[in-house]
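Before any comments, here is the structure.
Read the figures in this text as sums done on the coordinates, not as results from a lab. Computed from a predicted model, the values in this text were never measured in an experiment. Cβ placement follows ideal geometry from the backbone for every residue including glycine, while neighbour counts extend to all protein chains displayed.
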Amino acid sequence: MKLAFALLLTLVAGVAAQAQDYRTLGSPDAPVEMTIYSDFECPYCRNFALAAVPAIVAEFVHTGQVRLRYVYFPLAATHRNAVAAAKAAHCAGLAGRFWGFHDYLYVRQPEWAGVSVSDSVWIDYAGNLGLDKDEFSTCLKDVETNTAVEIDLRESLSGGATGTPTIVLNGQSLSGFESYQDLRREIISAIELAESSGN
């Protein structure tokens, strides 16, 4: 009986970890973790997601040097649909399509940002990506979906994120970079530092 209970706890913990890991991209053994505190309705986040992130993935993530981690930081006071978009991304993540939905939200951002939209928008997007629309709709209404976004919001605030996107490399928040080349130099420096420290 005790063994069965222990196995059940292990299974539950594994499912929880898998659900949490859907927003990470790259090897868990990468020397550098880049955390992106971001808002799906933020235009600067859109530029970063569609221009910088693919370059980072190609050069650093696919080579095992950087692991990306996305954290929901919806600025609800400024962006009326940011929380709803984060909830939709969470549901896509639970269905195994977070990064595809991430890209899709940013590509289609001009359609829904700043205007009144219903959940049907996110459900249609999910359907376009091949997700089950009924399951997706149920997930959007689940109290645990709200909780997941709220947990990220608290992490963002406690982690010192003050705007979007906020980029953190191995616990160090970056500021002042004006181009991808500036960011690239910061990433390379973080990799070199981590490798010289034996991490």
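The calculated FRET efficiency for Arg154 paired with Phe177, based on their beta-carbon distance and R0 = 41 Å, is about 0.95. Considering only Ser38, Ser156, Ser175, the mean-square fluctuation computed in a Gaussian network model of the chain, springs between alpha carbons under 10 angstrom, is largest for Ser175. Applying the criteria of a DSSP loop state and at most 11 other Cβ atoms within 10 Å to the GluC sites (Glu not before Pro) of the range 138-199 yields Glu178.
Protection proxy ranking, highest mean first, for peptides 75-87, 58-70: 75-87, 58-70, where packing is the per-residue count of other beta-carbon atoms within 10 Å, averaged.
For volume of the Cα convex hull per residue in Å³, computed directly from the structure shown, the correct entry in (i) 132; (ii) 148; (iii) 218 is (ii). Near Arg67, once Lys and Arg are set to +1 and Asp and Glu to -1 for all other residues with Cβ below 9 Å from its Cβ, the sum equals -1.
Rounded to the nearest 0.05, what FRET efficiency do Asp21 and Ser116 give with R0 = 35 Å and r taken as the Cβ-Cβ distance? Could you check? The formula returns an efficiency of 0.55 here. With neighbour counts taken as other beta-carbon atoms within 10 Å, the residues Phe48, Phe136, Phe177, Phe73 rank, fewest first, as Phe177, Phe48, Phe136, Phe73. In the chain, a dipole from Cβ-located charges (positive for Lys and Arg, negative for Asp and Glu) runs towards its positive end, and of Ser189, Pro110, Asn128 it is Asn128 whose Cα lies farthest in that direction.
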